[in-house]
Amino acid sequence: MMRIEIVKRPQHSVLFSALSPFIALFLTLIAGAILFSVLGKNPISALYSYFIEPLTEVWSIHELLVKAAPLILIAVGLSVCFLSNNWNIGAEGQFIAGGIAGSILPVVFPDFQGWYVLPIMLLLGMAGGMAYATIPAFLKVRFNTNEILTSLMLVYVAQLFLDWLVRGPWRNPQGYNFPETVQFSDSAILPAIWPDSGRAHWGFALAIIAAVVVWFMLSRTLNGFEIKVLGRSSRAGRFAGFSAGRLTFFAFLVSGALAGLAGIAEVSGAVGQLRTSISPGYGFTAIIVAFLGRLNPLGIIAAGLVLALSYLGGEAAQISLGISEKSARIFQGIILFFVLASDSLIYYRIRIVSRLSETALKGA
Amino acid sequence: MTGTITKDGSEIPLLEAEKLTKIFGTLKACDGIDLKIGAGEIHALLGENGAGKSTLVKMLFGALQPTSGDIAWKGERFTVTSPAMGRSLGIGMVFQHFSLFDALTAAENIALSLDEKSPLDTIAARAREIGQTYGLPVDPDALVGDLSVGERQRIEIIRCLLQNPDLIILDEPTSVLTPQEADLLFVTLERLRSEGKSILYISHRLEEVRRLCDRATVLRHGKVVGQCDPRTQTAASLARMMVGNDIHVIERLPAEWTDRIPLIEVNGLSQRPRGPFSVALHDISLSITGGEILGIAGVAGNGQGELFEAISGEVLQERPQVVRIRGTDAGRIGISARRTLGAAFVPEERLGHGAVPDMSLTNNLLLSRHSTDRKMFLTGGVLKLVSESSLASAAKRIVVQMDVRKSAENPDASALSGGNLQKFLIGRELDRNPSVIVVNQPTWGVDAGAAALIRQALVDLARSGSAVIVISQDLDELFEISDRIAAMVHGRLSESVPIEAMTMERVGLMMGGADATAGAA
């Protein structure tokens, strides 16, 4: 009888740790090629239209930045959570909460206008995401509830609440019964960075700023040290005098704020109104971005661009190949699978144990 | 029974290992070891941590396969491929860490390990019989969870004896026993020897080896460095063989009582168990002045870890005056604030409690010093930027001071050997001259050289005017450095007894829970 064991390696290779995201991407391309062949498409041209074509035109590079902005913002916040051992899976819900809270001004008080509207909207968006992220943090600290479950379930609450809001009280009275709010006034629109060439908005700049600030915090400050210590060993963290409960709140508040900011930036910069659905799963895809970026905010910028490309590729593949754009989700899943697999195999090796050596181990 | 005599009159040893070698990667854990165990002898296997004792024993027992070399059993060459085969040959082993299920009775635990299936009643009867014959009283129907460590060890030994082995391997059997329990064990072992059974006795306690064993094999760095009759040796000469040079003798000047103001006090500390494996604390009080070392003896699991966490502030008390540090009520403030009052703490578990395994030494230095040495290690005001350069120079100072041997400039904590990491962790605290230091198991799993250095450093700190609490299972250590010794049992702390009035026997009684306050100061 055979048994498969996973054994920790005494030493892990530094070279392969650095290469791991690239190995994962390479394996994803191979898996994608196989997938396309099975679907009866030419894998080379399919991969080309998926991953290269979107980069050949200026307007689609703008689209890339539009999609990358929320991914990077959310994933940067998630890196703080994941490094400190807080498994916030509900960024999608915090994104929506931020989008709703930030839209209060332009939807409820459309006559309130001026340069100060946009900053207030962004702050309200962050506050909304923070407030929504406080719920799983509080439940975890106070009742030791599993934050994976609570934060995930709150995503569905937020989605349905947005749906109700947009179909009900916030629906545009002049909107021919479409489930949409009013169009935001100009002072409530996050402007484009280079309005002449495309619609990439300042949300991308905010994402870069957030990534650099969080990177600095993680790598240079005592706060970042605290996050890493408590994430690796809660007991050593307690010995250091750090409070795990306080850090849980901090991590959820930071990631909630950034997800909320991403939400309002998306609504105000890319959509211009609230609809029943404002996210093609950014909050979940950002989990992949965070891991592909090795939980390092600077790596997350690159990873965010890669995953944004998968969204564009999905749309391109739908047009030129007739494949559902949902194939982007498959690619994203495959990337996460290979990222986690290569990371695991760097730290662990697989051993097949035969019956004979198994009995030898029993008494040891 | 004596050894088989061959035609030419020489005796065939029960077990003979020749040139046994075991290589793990680049490490030669055992390097050409020759070992001969005669019938009816108690053979000591001596050596420091990491000398290769466990590896050697696992090869004899079949749990590991040698890279090269031969094992002969009763004159015949064998390859012992598994512990089951070792058992069927007649080799029994009692491990240092017991493998018993708390929720089962003694008899059920024994039944689990037997190769053949017998009814539980039969097993219980045989266990009782063996227990009576060899002075190992155990109730086979008792739940293991309710038994003391000494009783659990008896179950392990009975389980081993049920297989009727010719050779019994005991791995550090007395490390979990009080001196009185150890005496009982020695009676049993002598009885087994008189019946012609052989015992391979692994220990680093030299006095008991001298008292009990007929022959000793000494290992160092995976090689045999000496074979002798321990009864003709002194503890010092055995130690020299183990370590390779003379062990530093702790210098202990008599304590000078400059002032008698207590630097750390615990007043009536009681605490409910914090989880299923936690021990409750009952009305613990102690008070230590500057210049003094209080040793706290006790068998593992009697509340020492809980006491440490209560004093360190990892667990807070209900009332502030329960813990007082330098005259300030500290029961409601956390570990950082207690450190700022001048206290320092070194926990038992090095990796994962005192240090983060996959963090560098400088980061691990920051771990316990970020609040007390803010000005030195943190810059940038409220931003609290970590100053890598001042951390590096402080780490260097500690490394030199405590003679920490490391392979890289700033390695991860887990890359250091146990002894070197412990020297660093003690040095981390001593570096800031604490007024109070509480150390749990300061030299657990540490080689003799490092242990002597650590003990001397603690004594020196006390003599410079600090109050020191040492929680330890190693009685020799406590007698070497303490001014007073108290014992913990079932979450209670006995009165402390001045070292001049303390004897091994008395501390043993205290560890067993007997009232030793009579005559105590």
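So that you can scan it fast, the table gives a plain yes or no per residue for (1) surrounded by fewer than 16 Cβ atoms within 10 Å (Cβ to Cβ); (2) outside any helix (DSSP H, G or I); (3) within 14 Å of chain B (Cβ to nearest Cβ); (4) acidic (Asp, Glu):
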{"position": "A:TRP170", "(1), (2), (3), (4)": "no, yes, no, no"}
{"position": "A:LEU190", "(1), (2), (3), (4)": "no, yes, no, no"}
{"position": "A:ALA205", "(1), (2), (3), (4)": "yes, no, no, no"}
{"position": "A:VAL212", "(1), (2), (3), (4)": "yes, no, no, no"}
{"position": "A:ALA251", "(1), (2), (3), (4)": "no, no, no, no"}
{"position": "A:GLY256", "(1), (2), (3), (4)": "no, no, no, no"}
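Select from the stretch A:233-249 the residues that are more than 7 Å from chain B (Cβ to nearest Cβ) and buried (at least 22 other Cβ atoms within 10 Å of the Cβ) and write down the one among them that is farthest from A:MET126 (Cα to Cα). Of everything passing the filter in the stretch A:233-249, A:GLY237 is farthest from A:MET126 (Cα to Cα).
Quick check: is even one residue across the stretch B:117-134 within 14 Å of chain A (Cβ to nearest Cβ) and of a type in the set (A, V, I, L, M, F, W, C)? No: the stretch B:117-134 contains no residue that is within 14 Å of chain A (Cβ to nearest Cβ) and of a type in the set (A, V, I, L, M, F, W, C).
Of all residues in the stretch B:487-506, those being closer than 22 Å to B:ASP183 by Cα and among the hydrophobic types (A, V, I, L, M, F, W, C) number 6.
Number of residues in the stretch A:298-349 that are surrounded by 22 or more Cβ atoms within 10 Å (Cβ to Cβ) and among the basic types (Lys, Arg): the value is 0. Within the stretch B:21-77, how many residues are under 24 Å from B:VAL94 (Cβ atoms), out of contact with any helix residue (DSSP H, G or I) (no Cβ under 6 Å at 6 or more places or on another chain), free of Cβ contacts under 8 Å to residues at least 60 places away in the same chain and among the aliphatic types (A, V, I, L, M)? Within the stretch B:21-77, residues that are under 24 Å from B:VAL94 (Cβ atoms), out of contact with any helix residue (DSSP H, G or I) (no Cβ under 6 Å at 6 or more places or on another chain), free of Cβ contacts under 8 Å to residues at least 60 places away in the same chain and among the aliphatic types (A, V, I, L, M) number 3. When we screen A:ARG294, A:ARG246, A:ARG275 for residues that are out of contact with any His (no Cβ under 7 Å at 6 or more places or on another chain), of a type in the set (Lys, Arg) and without any contact (Cβ under 8 Å) to a residue 24 or more places away in the chain, the only hit is A:ARG246.
State whether the residues of the stretch A:123-137 include one that is part of a helix (DSSP H, G or I) and more than 21 Å from A:GLY260 (Cα to Cα).
No - not one qualifying residue is present in the stretch A:123-137.
Screening B:LYS22, B:LYS58 for residues that are within 26 Å of the chain's Cα centre (by Cα), in a strand (DSSP E or B) and within 14 Å of another protein chain (Cβ to nearest Cβ) leaves exactly one candidate, B:LYS22. Taken together, the criteria exclude B:GLY145 from residues that are crowded, with 18+ Cβ neighbours inside 10 Å, on the phi < 0 side of the Ramachandran plot and not basic (Lys, Arg). The residues on offer are A:ILE100, A:ILE72, and the sole one that is under 17 Å from the mean Cα position of the chain (by Cα), buried (at least 18 other Cβ atoms within 10 Å of the Cβ) and under 30 Å from A:SER151 (Cβ atoms) is A:ILE72. Does the stretch B:325-337 include one or more residues that are under 30 Å from B:GLY512 (Cβ atoms) and either open to solvent by 50 Å² or more (accessible area, probe 1.4 Å) or assigned by TED's automatic domain parsing to the domain that holds B:SER371 (or both)? No, the stretch B:325-337 contains no residue that is under 30 Å from B:GLY512 (Cβ atoms) and either open to solvent by 50 Å² or more (accessible area, probe 1.4 Å) or assigned by TED's automatic domain parsing to the domain that holds B:SER371 (or both). Checking the stretch A:7-15 against the condition returns no match, with no residue being of a type outside the set (Asp, Glu), touching a helix residue (DSSP H, G or I) at 6+ places or on another chain (Cβ under 8 Å), open to solvent by 60 Å² or more (accessible area, probe 1.4 Å) and in a helix (DSSP H, G or I). One residue stands out in the stretch B:452-474 among those that are over 21 Å from B:MET504 (Cα atoms) and out of contact with any strand residue (DSSP E or B) (no Cβ under 8 Å at 6 or more places or on another chain): the one that is least open to solvent (accessible area, probe 1.4 Å), namely B:ILE454. For A:LYS362, are the conditions met, namely being at pLDDT below 90, under 27 Å from A:SER49 (Cα atoms) and surrounded by fewer than 19 Cβ atoms within 10 Å (Cβ to Cβ)? So A:LYS362 fails the test.
Okay, residues lined up against (1) within 13 Å of another protein chain (Cβ to nearest Cβ); (2) in contact (Cβ under 8 Å) with a residue 40 or more places away in the chain:
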{"site": "B:LEU385", "(1), (2)": "yes, no"}
{"site": "B:GLU388", "(1), (2)": "yes, no"}
{"site": "B:VAL400", "(1), (2)": "no, no"}
{"site": "B:ASP403", "(1), (2)": "no, yes"}
{"site": "B:PRO411", "(1), (2)": "yes, yes"}
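So, A:GLY313, is that one at pLDDT 90 or above and under 28 Å from A:HIS62 (Cα atoms) or not?
Considered against the rule, which asks whether it is at pLDDT 90 or above and under 28 Å from A:HIS62 (Cα atoms), A:GLY313 comes out as no.
Going by the conditions given, is A:ILE61 of a type in the set (A, V, I, L, M) and at pLDDT below 95? When the stated conditions are applied, A:ILE61 passes them. Cβ-Cβ contacts under 6 Å between residues 6 or more apart (or on different chains), taken from a first residue in the stretch B:221-242 that is not assigned by TED's automatic domain parsing to the domain that holds B:LYS53 to a second residue that is surrounded by fewer than 16 Cβ atoms within 10 Å (Cβ to Cβ) and assigned to a helix (DSSP H, G or I), are absent. Restricting attention to the stretch B:202-241, the residues that are of a type in the set (S, T, N, Q) and either assigned to a helix (DSSP H, G or I) or open to solvent by 60 Å² or more (accessible area, probe 1.4 Å) (or both) total 4. Any residue at all in the stretch A:220-227 that's over 18 Å from the mean Cα position of the chain (by Cα) and either more than 9 Å from chain B (Cβ to nearest Cβ) or not in a helix (DSSP H, G or I) (or both)? Yes: one or more hits. Among all residues of the stretch B:106-116, there is none that is in contact with a Ser or Thr (Cβ under 7 Å, 6 or more places away or on another chain), within 14 Å of chain A (Cβ to nearest Cβ), assigned to a helix (DSSP H, G or I) and surrounded by fewer than 16 Cβ atoms within 10 Å (Cβ to Cβ). So in the stretch B:335-387, with the set limited to residues that are among the basic types (Lys, Arg) and more than 31 Å from the chain's Cα centre (by Cα), which one is nearest to A:LEU222 (Cα to Cα)? Checking each candidate, the answer is B:LYS384.
Which residues, taken from the stretch B:25-43, are under 21 Å from B:ASP166 (Cα atoms) and over 25 Å from the mean Cα position of the chain (by Cα)?
Of everything in the stretch B:25-43, those that are under 21 Å from B:ASP166 (Cα atoms) and over 25 Å from the mean Cα position of the chain (by Cα) turn out to be B:ASP34, B:LEU35, B:LYS36, B:ILE37, B:GLY38, B:ALA39, B:GLY40, B:GLU41.
In this structure, B:VAL446 does satisfy being surrounded by 22 or more Cβ atoms within 10 Å (Cβ to Cβ), among the β-branched types (Val, Ile, Thr) and in a loop (DSSP other than H, G, I, E, B).
Please tell me if B:LEU378 is within 16 Å of B:LEU430 (Cα to Cα) and either touching a helix residue (DSSP H, G or I) at 6+ places or on another chain (Cβ under 9 Å) or more than 10 Å from every other protein chain (Cβ to nearest Cβ) (or both).
Criteria not met by B:LEU378.
Answer with yes or no whether A:LEU123 is within 18 Å of A:VAL254 (Cβ to Cβ) and touching a Gly at 6+ places or on another chain (Cβ under 7 Å). Judged against the criteria, A:LEU123 is not a match.
The values are calculated or read from the model by the stated rules, or taken from the named source; none is laboratory data. None of these values were measured; they are calculated from a predicted model. Because the Cβ atoms are built from the backbone with ideal geometry, glycine has one as well, and the counts that use them run over all protein chains shown. Heavy atoms of the whole protein, side chains included, go into the accessibility calculation; ligands, DNA and RNA do not. Shrake-Rupley method; radii C 1.70, N 1.55, O 1.52, S 1.80 Å.
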